[in-house]
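The values are calculated or read from the model by the stated rules, or taken from the named source; none is laboratory data. All values derive from a computational prediction rather than experimental measurement. Every residue, glycine among them, receives a Cβ derived from its backbone with ideal geometry; neighbour counts consider all protein chains shown.
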Amino acid sequence: MKTHSLKASIVVFALAASHVAHASPTPLAPIAAPAARDLDALVAKARVANPESFRAVAKLRDELPTLGRKARSGKVNVRAMLVAQGKAALPAVLAELREGPEATPGGWLAPTITSWNVGLLETAGHWGDPIAVPVLEAAALHPKANPEVVAAAVRGLGMLATDDAAKRIEGIFDAQASMRARLAPAVGSCRRLVTARFLVTRFDGARGAEASALAEGLGQVASAWAWKTPELEKRGEGNDVRRAAFEALLGRYGAADASLRTSIVDALWLVDLPNGPALARAASAKTPAAAAVFEDLAKKLEKSPLRR
């Protein structure tokens with residue numbers, strides 16, 4: 001028994017060692033000179049006014065390899081720990097992204113490096129400060145960026161929820177063509193009507209994994225739970241966003257294959273339009289050949305987890 005345990009320990013150690021890497025910063029595309037100057041000025045001023053925030057971020061960075069080794073997968077919820085430091089940490093977060101981490105002793109597990117970069121990017125957008133936009137866009141547009149990192153940068157931009165952020169997200173989605181199936185759900189984090197319409201346009205005619213991902217993105221952008229929060233409710237776009245997403249998803253359901261139908265149902269459950277079942281039954285009346293399909297959908301919508 002002890003021999004088996006020893007062998008298992010050796011296997012686990014070998015697997016972990018095979019994923020060890022040195023800490024690496026998020027690769028950034030070039031940042032326009034005026035934006036770079038503004039970022040550098042912000043960071044320099046904050047280093048003098050609030051040096052403890054830089055020390056706190058650096059301390060977390062230095063502790064992360066150990067935290068990663070203790071985690072089952074090597075992944076760590078970096079965003080939660082950075083957000084807990086308050087908005088004063090934003091300049092230090094942007095400095096980490098812009099300059100890259102200092103040398104740290106030992107290696108990092110590869111998932112821990114991704115956790116660090118993803119956490120930095122999501123935290124950069126968390127407070128909705130437009131000073132983070134150039135760094136987030138530069139991370140998302142780098143041609144060698146990890147898809148998880150690009151998605152995190154898109155989510156960071158989505159948290160700003162401005163017209164400018166929405167337009168930049170559209171550009172990133174079109175530019176990173178090979179990653180669209182990974183990015184579509186992240187695009188849905190920008191909960192604006194303009195983003196919902198963008199996703200609807202891309203969903204129309206999409207196929208395979210990209211279509212399923214866009215369905216997920218529509219569910220995210222129109223999430224009933226999200227639109228009931230005070231911050232989003234005051235925007236006044238919720239009903240229009242949810243209706244646009246619902247109609248697009250319903251419009252594809254009849255002719256969709258089994259995989260896409262599953263993705264559409266999951267998204268429609270998130271949208272949770274009050275009259276959703278009635279709209280599904282209305283669609284069955286318009287297309288008698290698919291009446292049974294839409295009746296089944298109406299029953300699924302009535303059994304939505306959000307309605308229990």
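The criterion of at least 1 residues that are at pLDDT below 95 is met by the following helices (runs of 4 or more DSSP H) wholly inside segment 51-119: 51-70, 90-99. For segment 99-122, the count of residues that are surrounded by fewer than 19 Cβ atoms within 10 Å (Cβ to Cβ), in contact (Cβ under 8 Å) with a residue 60 or more places away in the chain, aliphatic (A, V, I, L, M) and in contact with a strand residue (DSSP E or B) (Cβ under 6 Å, 6 or more places away or on another chain) is at least one.
A search for C-beta distances below 6 Å between a residue of segment 282-308 that is surrounded by 11 or more Cβ atoms within 10 Å (Cβ to Cβ) and any residue that is at pLDDT below 85, counting only pairs 6+ apart in sequence or on different chains, returns A291/S284; F294/S284; E295/S284.
Of L218, L214, L183, all but one fail to be crowded, with 19+ Cβ neighbours inside 10 Å, of a type outside the set (S, T, N, Q), under 16 Å from the mean Cα position of the chain (by Cα) and assigned by TED's automatic domain parsing to the domain that holds A151; the exception is L183.
Are any residues in segment 205-237 out of contact with any helix residue (DSSP H, G or I) (no Cβ under 7 Å at 6 or more places or on another chain), of a type outside the set (S, T, Y) and either at pLDDT below 95 or assigned to a loop (DSSP other than H, G, I, E, B) (or both), and if so, which ones? Those that are out of contact with any helix residue (DSSP H, G or I) (no Cβ under 7 Å at 6 or more places or on another chain), of a type outside the set (S, T, Y) and either at pLDDT below 95 or assigned to a loop (DSSP other than H, G, I, E, B) (or both): G205, R207, W225, K228, P230, E231, K234, R235, G236.
Of everything listed in (1) loosely packed, with under 15 Cβ neighbours inside 10 Å; (2) at pLDDT 90 or above, the single unmet condition for V43 is (1). None of R202, R180, R192, R168 is within 14 Å of P130 (Cα to Cα) and of a type outside the set (G, A, S) except R168. Taking segment 266-308 as the range and being part of a helix (DSSP H, G or I) and of a type in the set (K, R) as the test, the residues that pass are R281, K286, K299, K300, R307.
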